[in-house]
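Working notes for the structure below.
The values are calculated or read from the model by the stated rules, or taken from the named source; none is laboratory data. Fair warning: this is a prediction, and the values are worked out from it, not measured in the lab. In this analysis, Cβ positions are derived from the backbone assuming ideal geometry, glycine residues included, and neighbour counts consider all displayed protein chains.
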Amino acid sequence: MAHQSLYRTHRPTTFNDVVGQEQVTRPLEESVKSKTIGHAYLFAGSRGLGKTSVARILAREIGCTERDVYEVDAASNNSVEDIRALTEGVYTLPFESPYKVYILDEVHMLSKGAWNAFLKTLEEPPSHAVFILATTELEKVPETVQSRCQVFEFKKPTRAILASVIVAVAKKEGITIAPDAAELIAILANGSYRDALSILQRVLGAADKKLLSREVVEELTGTPRREQVHALVTALAAGSQGAALAAIGKAAKDDVDMTLYLELVLAALRATLLIRYAPELHASLADELGTDEFVALEKLAKEKGLPAGRQGITHATMLAFLTASERIRYAPIPALPLELAVLELFAEEK
């Protein structure tokens, strides 16, 4: 029998279980408590943020059993006929609940005709019907539909929030994960709870230890290694153009994902600047980065022994590599934007 995914196993079952979406869960909780249930909700946000999970929680909180919750994949049931079949069933009474809840996922995929067929029911639904529409592309949902719904926008969690979820789920699975390893998975997940737990599951399935280090996660995910990132950041801190270009060239030769490499470099540069200029954040940064990484970057944050005219890592360094991140998507040679960032930085210092 196949194991259930971590995302399904650890799916939130109450509003209190939902992490990082208070702007959605608080008003929904209040409406349930005050019994002011709307007839149509529109949940918007990128993939893997928990829109369907919150929809199921809302259905449960207003007293619906599974028999009276209907989930429809609008991506594959998007024709006029599909919507007419759905709306015909809306008017029959619930089996055993005060409401019938219809959860329509990827609702922006409905055809124009389907929207027109759905609009009348959405305007004048029976009192027992509640519609929860979910979309990753809010701009594709007609204004006439949005105006008839309570719209809630889900936000991507911060890396810190995502890392805390990863640590908590790993603990429930009997595994201890190092803070910097959880941070790395959070970076790889790019703001998606679902992707974070999918990566964690892949790592847990391949690991043979009860303690997951960053090095283990790097190896099992094929992520650029910490020493590859440190080689560039160290060269920048030392004011060495040649060493910086050599570090980029070595990473490219090792066939790493240069977009992810750049993202990890930016994360290290950010941490270095925060260590230098925000001592009040040292405790939280040490937790976030892990002791070894914090100590390594703390050394780079100190501007000592630099060649004449060199400034080490500054806000200009961060800006140059942020510009590189804008260019890298369109670069014919992935390493080129990073090399340009280095050349432009050192040209400014001369």
**Report entry** Long-range neighbours under 8 Å by Cβ, at least six apart or interchain, first residue in the same structural domain as residue 41 (by TED's automatic domain parsing) and aromatic (Phe, Trp, Tyr) within region 58-70, second part of a helix (DSSP H, G or I) and surrounded by fewer than 17 Cβ atoms within 10 Å (Cβ to Cβ)
**Finding:** 70/89
Report summary line: How many residues of region 321-340 are crowded, with 17+ Cβ neighbours inside 10 Å and not in a helix (DSSP H, G or I)? The answer is 2
Requested in this report: For residue 317, state whether it is assigned to a helix (DSSP H, G or I), of a type in the set (Ser, Thr, Tyr) and either more than 24 Å from the chain's Cα centre (by Cα) or farther than 25 Å from residue 179 by Cα (or both).
Outcome: yes
Requested in this report: Collect the residues in region 189-212 that are under 21 Å from residue 294 (Cβ atoms) and surrounded by 18 or more Cβ atoms within 10 Å (Cβ to Cβ), keeping them in residue-number order.
Outcome: 212
Query raised in the report: If you take the residues in region 72-103 that are within 34 Å of the chain's Cα centre (by Cα) and modelled with pLDDT of 95 or more, which one is nearest to residue 36 (Cα to Cα)?
Result: 99
Query raised in the report: Looking at region 167-190, is at least one residue out of contact with any Leu (no Cβ under 9 Å at 6 or more places or on another chain), closer than 25 Å to residue 259 by Cα, of a type in the set (Lys, Arg) and assigned to a helix (DSSP H, G or I)?
Result: no
Query - Pairs, first over 16 Å from residue 91 (Cβ atoms) in region 108-129, second of a type outside the set (Gly, Ala, Ser) and not in a loop (DSSP other than H, G, I, E, B), C-beta under 6 Å, six or more apart - result: 108/135; 108/140; 113/80; 114/80; 114/83
Query raised in the report: residue 49 fails exactly one of the following numbered conditions: (1) in contact (Cβ under 8 Å) with a residue 40 or more places away in the chain; (2) under 19 Å from residue 149 (Cα atoms); (3) of a type in the set (A, V, I, L, M). What is the number of that condition?
Result: (2)
Report task. Among what's in region 143-166 and is in a helix (DSSP H, G or I), of a type outside the set (Val, Ile, Thr) and farther than 20 Å from residue 11 by Cβ, pick the residue that is nearest to the chain's Cα centre (by Cα). Result -> 159
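From the list 232, 273, which residue is assigned to a helix (DSSP H, G or I), touching a His at 6+ places or on another chain (Cβ under 8 Å) and not polar (S, T, N, Q)?
Being assigned to a helix (DSSP H, G or I), touching a His at 6+ places or on another chain (Cβ under 8 Å) and not polar (S, T, N, Q) holds for just one of 232, 273, which is 273.
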**Report entry** Matching entry among 299, 253, 304 (being modelled with pLDDT of 90 or more and at negative phi)
**Finding:** 253
